[in-house]
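Here the structure is laid out as structure tokens; the discussion comes afterwards.
Readers should treat all values here as calculations from the given coordinates under stated rules, not as data from a laboratory. Being a predicted model, the structure only gives us computed values, none of them experimental. Glycine gets a Cβ as well: all are built from the backbone with ideal geometry, and neighbour counts include every protein chain shown.
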Amino acid sequence: MSFWNPTAAEPPSEDVVDVANRYSPRHVLDVGCGTGRNLVPFDRPGTQLVGVDRDPEAVDAATSRFARSSADSVQMHCVDLRTFVPDHEFDLVLCYGVLHFLSRDDRGNAYQRFRSWVTEEGLVSVVMFNSLVPIPEDLRDLMPDPATDSSELLEAFADFRIINYSSYVYCDEHENGIRHTHSIDRLLAQRV
Ligand SMILES: C[S@@+](CC[C@H](N)C(=O)[O-])C[C@H]1O[C@@H](n2cnc3c(N)ncnc32)[C@H](O)[C@@H]1O
């Protein structure tokens, strides 16, 4: 895989679990789904799940994960989010840990695409790094053009209703012992 990916054993993000408990989205899209951990909380009857990722190994892992799904349908597509064309709208668009890999222009297009893919009253949930804390040196080639601060994300969804928003600094440690400090934005917004 060309990007670090949470392993198949990694649990879903807590805020995704919260969204699954509070809302009942029928059509759910996870953009840059990796191995699919954040679709798991929506794996229940009545839902249609779509994951897209450009990494074929991740898509294979996500496909295997949902081989015995409870959802009405599951589709995993190996495609770049910059060219993906969905054939319907979604009640929830997730994008976790992906947009900081894109250039500023591509990120701007991605925000517009997410906005156009979500139904009226649908939700968009985005988590991404910004460079308020400089991107760690060993990750700079992967993230050459991150948002400088939270304003880019907030402005992209300024006319949505902000349900949850947080921006904070945290440290993580990878399996190989490398430690990173990141500045991260988390946004849950609703189209009104
Ligand atoms: C850090 S992983 C996060 C995976 C997943 N969202 C999660 O939270 O478990 C980033 C994922 O974004 C995918 N990705 C990066 N750029 C992409 C692009 N332009 N189009 C589609 N997927 C992309 C990578 O292949 C990788 O699976």
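Out of curiosity, is Arg82 outside any helix (DSSP H, G or I) and of a type in the set (Lys, Arg)? Considered against the rule, which asks whether it is outside any helix (DSSP H, G or I) and of a type in the set (Lys, Arg), Arg82 comes out as yes. Within the stretch 143-167, being outside any strand (DSSP E or B), surrounded by 14 or more Cβ atoms within 10 Å (Cβ to Cβ) and among the hydrophobic types (A, V, I, L, M, F, W, C) holds for Met143, Leu153, Leu154, Ala156, Phe157, Phe160. Restrict the check to the stretch 92-101 and report whether at least one residue is under 22 Å from Phe157 (Cβ atoms), assigned to a helix (DSSP H, G or I) and either more than 8 Å from the ligand (Cβ to nearest atom) or touching a strand residue (DSSP E or B) at 6+ places or on another chain (Cβ under 7 Å) (or both). The answer is yes, given that some residue of the stretch 92-101 is under 22 Å from Phe157 (Cβ atoms), assigned to a helix (DSSP H, G or I) and either more than 8 Å from the ligand (Cβ to nearest atom) or touching a strand residue (DSSP E or B) at 6+ places or on another chain (Cβ under 7 Å) (or both). Entry remark, the stretch 48-75: residues being touching a strand residue (DSSP E or B) at 6+ places or on another chain (Cβ under 6 Å), crowded, with 17+ Cβ neighbours inside 10 Å and not in a helix (DSSP H, G or I) number 8 in total.
Selection of the stretch 124-136 for residues being buried (at least 18 other Cβ atoms within 10 Å of the Cβ) and out of contact with any helix residue (DSSP H, G or I) (no Cβ under 7 Å at 6 or more places or on another chain) yields Val127, Asn130, Ile135. Taken together, the residues in the stretch 68-90 that are near the ligand (Cβ under 9 Å from one of its atoms) and free of Cβ contacts under 8 Å to residues at least 24 places away in the same chain amount to 1. Reported count of residues in the stretch 113-138, each being outside any strand (DSSP E or B), more than 15 Å from the ligand (Cβ to nearest atom) and touching a residue at least 12 places away in the same chain (Cβ under 8 Å), is 4.
Filtering the stretch 21-47 to residues that are away from the ligand (no atom under 16 Å from the Cβ), assigned to a loop (DSSP other than H, G, I, E, B) and not hydroxyl-bearing (Ser, Thr, Tyr) leaves Pro25, Arg26, Arg44, Pro45, Gly46.
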